[in-house]
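The values are calculated or read from the model by the stated rules, or taken from the named source; none is laboratory data. Bear in mind that the values here come from a model prediction, so they are computed numbers and not experimental data. Virtual Cβ from ideal backbone geometry, glycine too; neighbours counted across all protein chains shown.
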Amino acid sequence: MQKRKLGRSNLEVSALGLGCMGMSFSYGPPKDKQEMTTLLHAAVDRGITFFDTAEVYGPFLNEELVGEALAPFRKQLVIATKFGFDINPGSDPRGMTGAPAGLNSQPEHIKQAVEGSLQSEATPFSPNSAYGITKVAMEYYVNAWSGIFGISGISLRYANIYGPRQNPQGEAGVIAIFCHRLLTGQAPIINGDGEQTRDYTFVEDVALANLRALERPDVTGAVNVCTGVETTVNQLYAALVAASGAKVPAQYAPARPGEQRRSCLDPAHAERALGWKPSVTLAEGLGRTFRFFQKELGK
């Protein structure tokens, strides 16, 4: 797709952009979130890099929708938002989310609108599994102990860690499990349609993030340890087949109840606060992991 420059900013974007207002406001009731996420991903696949949202289509809901859907691609895209409107939630006579009731350019108001499109450590969480709830609880414990005992506490939020020496016999660690099954001639099992996504982060990068955190007791709170790259299980399987040369077809099984559909984190805060960023690409990490298991199994 052709490119163009935005005004004097020198930001280069696709010649065509996508206006997102109709996804949550304006032309009728809000649309289905998953359908709109699929639409936004399809736009990225077709080369669209410029997306337009606005607080007045919300309040803030359109920014949140667009920001969450495009979080895995944020470094490749430009999201423009128009803010400064004063919204009265529920005031719209058509039963939508809100209607403009004048202007509001207070800094805290504008900050709320802009942050809606920047999904990061500050993004509100609502865990829907016991596993997720325990992770949130641990962060609260760390924060509480920091205040009670006057210690420095940091919560590193790991994405999906993988690499050599991971146990392929457990219920977690899909990459280790796939490597083991491919090398032993067993069909890798993909739960659901395989389009669920994760942010796969190599173990060496994670170890380095822990070292950086130990060196910086002044950094507290939550810090994502991740790549910011979203990969489906189908893509993961295809990449492992390419790395291994194996000819074992995958088998599809029913989806696991309550399994998270999408998961991808933003590593920007870790770079700012700890001077850390991932260095091992998924392709490199998969190759190194597969060769480790190949050696272990004598294949």
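Testing Gln235 on (1) modelled with pLDDT of 90 or more; (2) within 22 Å of Pro127 (Cβ to Cβ), one condition comes back false. Which one is that?
(2)
How many residues, within segment 38-59, are modelled with pLDDT under 85, of a type outside the set (Asp, Glu) and either touching a strand residue (DSSP E or B) at 6+ places or on another chain (Cβ under 8 Å) or under 22 Å from Arg198 (Cβ atoms) (or both)?
Within segment 38-59, the first condition is being modelled with pLDDT under 85, and the residues that meet it are 53-59.
Next cut, of a type outside the set (Asp, Glu) only: 53-54, 56-59.
Within this subset, residues satisfying the condition of being either touching a strand residue (DSSP E or B) at 6+ places or on another chain (Cβ under 8 Å) or under 22 Å from Arg198 (Cβ atoms) (or both) are 53-54, 56, 58-59.
Residues that pass the stated criteria total 5.
For segment 188-299, please list each of the strands (runs of 3 or more DSSP E) lying entirely inside it that holds at least 3 residues being on the phi < 0 side of the Ramachandran plot, in contact with a strand residue (DSSP E or B) (Cβ under 6 Å, 6 or more places away or on another chain) and surrounded by fewer than 21 Cβ atoms within 10 Å (Cβ to Cβ).
Result: 251-253.
Ile177 - would you say it is over 19 Å from Ala283 (Cα atoms) and buried (at least 19 other Cβ atoms within 10 Å of the Cβ)?
Considered against the rule, which asks whether it is over 19 Å from Ala283 (Cα atoms) and buried (at least 19 other Cβ atoms within 10 Å of the Cβ), Ile177 comes out as no.
Output yes when any residue across segment 68-82 is outside the structural domain of Leu214 (by TED's automatic domain parsing), in a loop (DSSP other than H, G, I, E, B) and at pLDDT below 75, and no when none is.
Residues of segment 68-82 that are outside the structural domain of Leu214 (by TED's automatic domain parsing), as a first pass: 68-82.
Restricting the remaining residues to those that are in a loop (DSSP other than H, G, I, E, B) gives 77.
With at pLDDT below 75 added as a condition, the list becomes none.
No: zero hits.
Return the residue satisfying two criteria in turn: it lies in segment 191-227 and is in contact with a helix residue (DSSP H, G or I) (Cβ under 8 Å, 6 or more places away or on another chain) and of a type in the set (Val, Ile, Thr), and of such residues it is modelled with the lowest pLDDT.
Checking each candidate, the answer is Thr197.
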